[in-house]
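Here is the structure we will look at, set down as structure tokens.
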């Protein structure tokens, strides 16, 4: 059995949040989901080819040559709903290149639209619904044994003209048993994000799921399962010793859910001396942070925390189901900065109940905090979120994301925000003003530049700042 895994670059679409300049300069990160899949396949003795089109600088000719030479039985992707059409286009191309190849889709998208995906794409043969380690071993075993796929949890597949699905796979309750991502398959030194400071950068997951009920997140109130402190630190060690990793970006929805686990991880990193060898960052909510953890994180080498602050108005925070007092948020951010950890704040504009006045409060609150970086996004309703199900669908005539799959190409019209009376133009203006006001202050420019550790970083910041000025000028003209 031979399987090729393809990490393709994605084009931004209109129905995605995010500042265009930020996304343009965001960087290129390894696809940790596909690297987990690669590690699982290698454990199953499956011959595996990994292709990261951007990271490996593969031209169309290079990709074609590698796939033809490898001649895989299956080509697999990790897919998000917003990029379904691009994944489908690649699938069609690979089928034309290798007529006998089967296409396997996985990722968050397949969990939401398992059957619909195969109905709306003639190119997709299989879908992995759930966590790869819970589906692939039995799937591969049955394929190798030429056995029926009937009743296999977590698999959707074609059976003649019919589409079969036995339901989602159960969640893995023992994450320590999952092999570490197959980082030996990729050039770790080429990856970075906009504000990363060291070469040989990687992303990392220490837990899955999230107990918090934020209305805009697809992971909200899903079962939180964590790897042990020993297992997490063992991967840190493997990253450093085996792959030369010097910076780790932990992408857990909230790394600090379990206080004792955080303290144990920090203690073990220090005991092994890894706190002097690797810098790392985490994501958290101010609700799940305290002084003891901040001190421990700093001592263990954590140098940046990304906080989902979202709003500077408590009524809006309640609407987002993030009931945090602004006083606590301000205290935690100030304490983070005081212990010497860099701070990054996420904010959204356009929540249910948002007005120009509440958005103004958010901008002013962000400017008052000792944040090194901040980003302001307009709120967009993604499938299976509470925002979509309770604040979008009841006010429209069609199911936007379900219909999205039936279209031959991505929809170019914005889906709208029926939960607010603010126009898209109003919100574009507010986000434009927020980014402009936050960054183009002398002390903020100095604060951001103090984090620079290399000439490459300076170039990134200068290019991004130049692009932001151009975007601000163009947007200002459109909004006047």
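The values are calculated or read from the model by the stated rules, or taken from the named source; none is laboratory data. Treat the numbers as computed from the prediction; the structure is a model and nothing was measured. In this analysis, Cβ positions are derived from the backbone assuming ideal geometry, glycine residues included, and neighbour counts consider all displayed protein chains.
Things to note:
- Residue check, residue 385 in contact (Cβ under 8 Å) with a residue 60 or more places away in the chain and outside the structural domain of residue 317 (by TED's automatic domain parsing): yes
- Leading residue by the ranking (surrounded by the fewest Cβ atoms within 10 Å (Cβ to Cβ)) among those in the stretch 286-324 that are assigned to a loop (DSSP other than H, G, I, E, B) and modelled with pLDDT under 95: 323
- None of 190, 156, 178 is more than 20 Å from residue 106 (Cα to Cα) and in contact (Cβ under 8 Å) with a residue 40 or more places away in the chain except 190.
- Total residues in the stretch 138-153, condition touching a residue at least 12 places away in the same chain (Cβ under 8 Å) and either assigned to a loop (DSSP other than H, G, I, E, B) or exposed (fewer than 11 other Cβ atoms within 10 Å of the Cβ) (or both): 5
- Qualifying residue in the stretch 115-125 (condition: closer than 25 Å to residue 225 by Cβ and surrounded by 15 or more Cβ atoms within 10 Å (Cβ to Cβ)): no
- Single condition residue 252 does not satisfy, out of (1) part of a loop (DSSP other than H, G, I, E, B); (2) touching a strand residue (DSSP E or B) at 6+ places or on another chain (Cβ under 7 Å); (3) surrounded by fewer than 19 Cβ atoms within 10 Å (Cβ to Cβ): (3)
- Flag if residue 415 is touching a residue at least 60 places away in the same chain (Cβ under 8 Å) and farther than 30 Å from residue 367 by Cβ: yes
- Subset of the stretch 388-444 [surrounded by 12 or more Cβ atoms within 10 Å (Cβ to Cβ), over 17 Å from residue 377 (Cβ atoms), within 26 Å of the chain's Cα centre (by Cα) and modelled with pLDDT under 90]: 410, 411
- Qualifying residues in the stretch 352-387 (those that are under 17 Å from the mean Cα position of the chain (by Cα) and in a loop (DSSP other than H, G, I, E, B)) - the one farthest from residue 433 (Cα to Cα): 384
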